[in-house]
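Asker: Here it is, the structure, as structure tokens.
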Amino acid sequence: MDTLQREGDELEWKESARWVKFEEKVEEGGERWSKPHVSTLSLHSLFELRTCLQTGTVLLDLDGYSLPQIVDDIIERQIEEGMISPELREKISFVLLRKHRHQTKKPIHRSLADIGKSNSASHAQSRSMNDIADTPSTDQLKNKFMKKIPRDAEASNVLVGEVDFLNKPFVAFVRLAQATTLGGLTEVPVPTRFLFILLGPQGKAKSYNEIGRAIATLMVDDLFSDVAYKARDREDLIAGIDEFLDEVIVLPPGEWDPKIRIEPPKKVLSADKRKSVFSLNELGQVNGTAGGGGGGLANDEEMPEQHELGEELAFTGRFCGGLYLDMKRKLPWLPSDIYEGFHIQSISAVLFIYLGCITNAITFGGLLGDATDNYQGVMESFLGTALAGSVFCLFSGQPLIILSSTGPILIFEKLLYEFSKNNGIDYMELRLWIGIHSCLQCLILVATDASYIIKYMTRFTEEGFSSLISFIFISDAIKKMVGSFKYYPINTDFKPDYITTYKCECLAPDPSESMSQGGAGGLSSRVSLNITALDWSQLGKKECLKYGGSLVGKSCKYVPDLALMSFILFFGTYSMTVTLKKFKFSRYFPTKLRKLISDFSIFMSIMTFVGLDMLMGLKTPKLIVPTEFKPTRPDRGWLVMPFGKNPWWIYLASFVPALLVTILIFMDQQISAVIVNRKENKLKKGCGYHLDLFWVGVLMAACSFMGLPWYVAATVISIAHMDSLKMESESSAPGEQPQFLGVREQRITGILVFVLTGVSIFLAPILKFIPMPVLYGVFLYMGVASLSGIQFWDRIKLYLMPSKHQPDFSYLRHVPLRKVHLFTLVQITCLAVLWILKSTFLAIIFPVMILGLMVVRKMLDMIFSQHDLAWLDDLLPEKEKKKKDDDKKKKKVKEKEKKRSKGDDSEEEVRDGLFITLHLKISCPSSPAVPLGRGMPCPVPQVKIEMESDYDSDFDQPRPRDMSSETTL
């Protein structure tokens with residue numbers, strides 16, 4: 001928008017505001033563009049704009065090639081219609097063709113973020129440009145603002161001002177037949193499609209300015225701009241303004257400060273949703289709808305997300321039908337799974353997940369070594385993780401899933417080893433047969449489409465499972481950190497005033513005692529000679545004790561404050577990671593740099609605190625990685641033989657414990673897959689539950705033959721992997737918030753993580769510098785990060801908030817708070833029971849616990865209404881639903897037939913058990929984009945008869961206002 005300014009005796013057009021999506025004003029004092037903000041218009045200015053379009057000149061599809069020609073056409077039309085006198089032609093033309101000055105000034109002291117961007121804007125002010133020039137100037141071509149404008153964008157130029165030779169306003173709205181670059185009219189070389197001109201008598205400059213802002217705001221509105229492009233006459237434009245006025249919300253002037261600029265919202269309602277507004281009361285009771293997300297604001301017309309696990313879990317009824325469909329679905333994506341992985345974001349994801357995986361491998365490897373007497377140790381854990389993980393990422397249906405050892409498997413291995421040891425059974429051979437049976441059972445589950453049962457796992461079950469795993473990660477990280485305080489206690493007894501008494505001396509043993517012991521124990525005279533010859537005061541602690549000396553003094557038990565340093569490394573890594581992860585929302589530095597810092601936040605945090613640890617030089621506990629490629633236990637090889645060490649009946653009896661392992665693997669794997677594949681993650685390439693389970697089963701058998709640990713989907717690491725690959729839109733329009741686009745779905749990151757894990761034994765010289773507390777900090781971050789976005793966690797926090805401070809969650813609008821709290825309390829109780837059970841030997845029945853959650857969820861149907869569950873959870877699939885609807889429809893049909901037999905007139909016609917309603921719809925073909933009903937004339941009305949069915953056989957529910965067909969008369 002340009003306003004007419006007088007500089008001395010000269011008139012010129014000066015740019016005062018611009019819109020791409022939100023408004024930016026020229027800050028006169030600051031000589032810069034303002035922050036983007038929501039345009040706040042006065043209602044009066046919209047009514048005045050409506051009057052301007054009613055009384056002014058409207059030229060649609062004008063053939064224009066230059067500004068002078070367009071101005072001549074506008075003036076000629078006004079003279080023809082008697083709006084202005086011919087004597088004003090020259091004056092109006094002179095004013096409209098004055099030079100344009102754009103806001104390209106830069107302050108002398110520029111910010112660091114702007115330095116180096118462009119030198120083209122370093123001049124004090126852009127040169128004045130004459131609009132008669134047809135080609136863009138150098139300043140326009142070099143303007144960096146072009147990057148903020150979408151491709152193929154067209155400009156709407158608004159010119160407003162006051163002059164002394166007019167008695168009434170000169171108004172024109174022009175739409176060019178083809179977008180044309182009008183020289184220096186625009187700040188950037190964007191072709192102009194629309195032109196709005198308002199010149200008026202002096203004394204009303206503020207009013208003209210507000211009208212100009214009103215038309216500019218309308219032109220960036222998706223719905224009105226659509227009307228402007230398709231309008232056939234003046235009435236269409238006015239009808240478009242009326243539709244805009246229908247949606248305008250008025251804020252009373254005494255209840256807010258109009259000087260405040262409203263920040264652009266994080267999420268804007270799309271034009272499609274604005275076109276079709278439904279009642280929530282109608283939609284909230286549709287079967288199969290799920291709770292409305294974890295914490296975003298909801299509109300009154302927004303219905304809860306639908307719990308659709310997709311066709312991937314459809315029961316085919318054919319042998320390996322689901323597996324075949326998974327392979328068919330995933331094969332076309334294989335090339336993109338490879339080349340889409342070559343992105344800088346993948347590097348940060350690989351480094352992050354790699355450190356998580358090797359920490360997990362070392363932790364579980366050490367625990368397995370203790371539990372199985374080193375039959376499986378850290379080396380086996382590294383090799384198994386590398387083998388199973390890389391194969392799974394290469395061939396699975398969902399490569400974003402990361403395989404790892406889990407707690408329940410560890411407990412099973414421990415119990416199995418103790419059973420084998422107590423009963424004289426060879427542990428490795430028994431374990432091999434359990435793995436073989438479990439593999440076969442998994443393949444049977446794949447062949448019979450057993451993954452269909454996952455449909456009955458709602459958000460209630462998933463959140464309970466993922467919350468438990470997240471809390472385990474958090475508690476383990478804290479537990480390990482607290483353990484270092486016990487191992488390296490802080491020197492709380494130290495008193496600075498007693499510093500002179502803090503010493504430790506090595507005292508030589510009593511020679512007489514040494515001789516008597518020598519006589520009794522046969523010590524050589526050489527030792528006694530050494531004892532007398534040694535300078536005991538110069539010996540170190542180890543040598544002193546080695547030669548039989550004793551340590552005396554208050555500081556003999558001194559331990560460096562490694563616990564404090566470990567805590568600094570632990571908490572510092574976590575807090576720095578959280579801070580840098582949020583850095584992309586910071587106000588500092590350019591967008592690309594902020595995003596880069598956010599993507600590499602974990603790697604930067606780790607490197608920072610590894611450097612700090614090296615700088616301090618304290619002997620904090622470091623990462624210990626095997627350096628030789630050999631089994632942990634010397635008496636075992638890399639291949640386990642299936643026969644020869646156990647009785648024959650063991651080969652058959654192992655079927656029973658294998659059944660427990662299969663249930664464990666199935667539930668753990670599929671729940672993690674459901675969490676990763678949830679609709680809100682916007683995955684585009686589909687998933688493959690059957691294909692995933694197939695490879696998990698095959699890898700179980702392979703790992704059993706090699707004596708390696710068993711692997712299954714790791715929920716927290718998989719969620720962390722997905723979060724590290726999230727994609728956001730690059731905000732093009734100023735003020736527009738980046739929108740979540742989905743996840744970078746590919747196989748490269750997972751493969752690289754596991755290949756690096758395999759070669760870690762060769763990286764031992766480098767990895768040995770990483771302190772364990774730093775990795776515990778990474779574990780803590782992964783646990784906390786996986787809780788974010790879980791609706792359960794948001795609902796727990798509601799307990800601590802007064803009602804007036806609670807966020808505007810969608811479910812709080814539709815479900816009473818007491819019921820929300822009751823639902824949350826049930827989940828907390830279930831989680832507490834799971835936690836208690838997993839802390840005992842009963843953790844072996846972990847799969848049964850998850851099945852127990854499904855039973856509890858089914859019982860909730862008796863306590864909560866379906867409407868409440870639709871918002872708080874997902875509704876369970878009901879087999880009887882269709883049958884009930886069919887019965888209801890048949891009953892309706894009979895009632896209608898009875899009415900017809902009695903002679904009752906009805907507009908509804910019964911056919912094949914469906915209700916068909918005939919609607920007459922009258923529209924105007926000359927203005928398809930504009931709804932009728934505003935009193936606008938229509939030369940040739942078009943009548944449509946539309947048949948509406950209130951029941952659709954493809955859906956097990958009524959579908960309001962769904963047009964099945966239409967006939968044009």
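Read-outs: derived from the displayed coordinates by stated rules, not from any lab. Bear in mind the structure is a predicted one, so any value in this text is a computation, not a measurement. Cβ atoms come from the backbone with ideal geometry, glycine included; neighbour counts cover every protein chain shown.
Asker: Report the Cα centroid-to-centroid distance between the range 155-188 and the range 701-718 in angstrom, as an integer.
Answerer: When both Cα centres are located, 70 Å separates them.
Asker: For residue 874, what residues show an amide H to amide H distance below 5 Å, using hydrogens built from the backbone and excluding near sequence neighbours?
Answerer: So residue 874 has HN proximity to 291, 459, 460.
Asker: Separation of the range 32-48 and the range 795-827 by C-alpha centroid, Å?
Answerer: First find each Cα centre; the distance between them is then 37 Å.
Asker: Also, I was wondering about something else. Could the peptides 652-663, 241-252 be put in order, highest first, of the mean number of other beta-carbon atoms found within 10 Å of their residues?
Answerer: Top to bottom by mean Cβ count within 10 Å: 652-663, 241-252.
Asker: Compute the distance in nm between two label points, each set 7 Å from the Cα along the Cα-to-Cβ direction, one at residue 268 and one at residue 859.
Answerer: It works out to 5.0 nm between the two label points.
Asker: Short version: ³J(HN,Hα) in whole Hz for each residue of the range 58-67, in order, from phi by Karplus 6.51 cos²θ - 1.76 cosθ + 1.60 (θ = phi - 60°), x for Gly and Pro, what are they?
Answerer: In residue order, the calculated couplings are 10, 10, 10, 6, 6, 7, x, 10, 8, 5 Hz.
Asker: Something else about it: Could you calculate the contour length gain from residue 561 to residue 612, that is, 0.36 nm times the residue separation minus the distance between their Cα atoms, to one decimal place in nm?
Answerer: Using 0.36 nm per residue and subtracting the Cα-Cα distance, I get 16.8 nm.
Asker: Roughly how far apart, in whole Å, are the Cα centres of the range 599-676 and the range 466-483?
Answerer: Using only Cα atoms, the two centres lie 18 Å from each other.
Asker: Residue-wise, which Karplus ³J(HN,Hα) couplings in Hz belong to the range 189-198, taking 6.51 cos²θ - 1.76 cosθ + 1.60, θ = phi - 60°, and x for glycine or proline?
Answerer: Per residue, the Karplus-derived 3J(HN,Hα) values read x, 10, x, 8, 10, 10, 9, 10, 10, 9 Hz.
Asker: Out of residues 5 or more away from residue 58 or on other chains, whose amide H comes under 5 Å of its own, with H placed 1.01 Å from N in the peptide plane?
Answerer: Counting only residues 5 or more places away or on other chains, the set is 173.
Asker: For the range 1-105, what is the relative contact order in percent, using Cα pairs closer than 8 Å and at least 6 residues apart in sequence?
Answerer: Result for the range 1-105 is 30 percent.
Asker: Order the peptides 255-264, 625-634, 397-406 from the highest to the lowest mean number of other Cβ atoms within 10 Å of their residues.
Answerer: 397-406, 625-634, 255-264
Asker: Convert each backbone phi in the range 583-593 into a coupling constant with the Karplus relation 6.51 cos²θ - 1.76 cosθ + 1.60 (shift: θ = phi - 60°), then list the ³J(HN,Hα) values in order as whole Hz, x for Gly and Pro.
Answerer: 5, 5, 9, 6, 8, 9, 6, x, 4, 5, 5
Asker: How do the peptides 680-686, 740-746 rank, highest first, by the average count of neighbouring beta carbon atoms within 10 Å per residue?
Answerer: Most protected by this proxy first, the peptides run 740-746, 680-686.
Asker: With r as the distance between the Cβ atoms of residue 336 and residue 627 and R0 = 41 Å, compute the FRET efficiency 1/(1 + (r/R0)^6) and round to 0.05.
Answerer: 0.55
Asker: With a Förster radius of 56 Å, plug the Cβ-Cβ distance of residue 866 and residue 168 into 1/(1 + (r/R0)^6) and report the FRET value to the nearest 0.05. Provide the component values of the computation, followed by the final result.
Answerer: Values: r = 63 Å, r/R0 = 1.13.
For R0 = 56 Å, the calculated efficiency reads 0.30.
Asker: Let me ask something else. List every residue whose amide H lies under 5 Å from the amide H of residue 158, counting only residues 5 or more places away in sequence or on a different chain, with H placed 1.01 Å from N in the peptide plane.
Answerer: For residue 158, the qualifying residues are 2, 196.
Asker: Then there's this: Report the net charge of residues surrounding residue 575, where surrounding means a beta-carbon distance below 14 angstrom and charges are Lys +1, Arg +1, Asp -1, Glu -1. Present the calculation step by step, with values, prior to reporting the outcome.
Answerer: Values: positive: 581, 582; negative: none.
Net of charged neighbours comes to +2.
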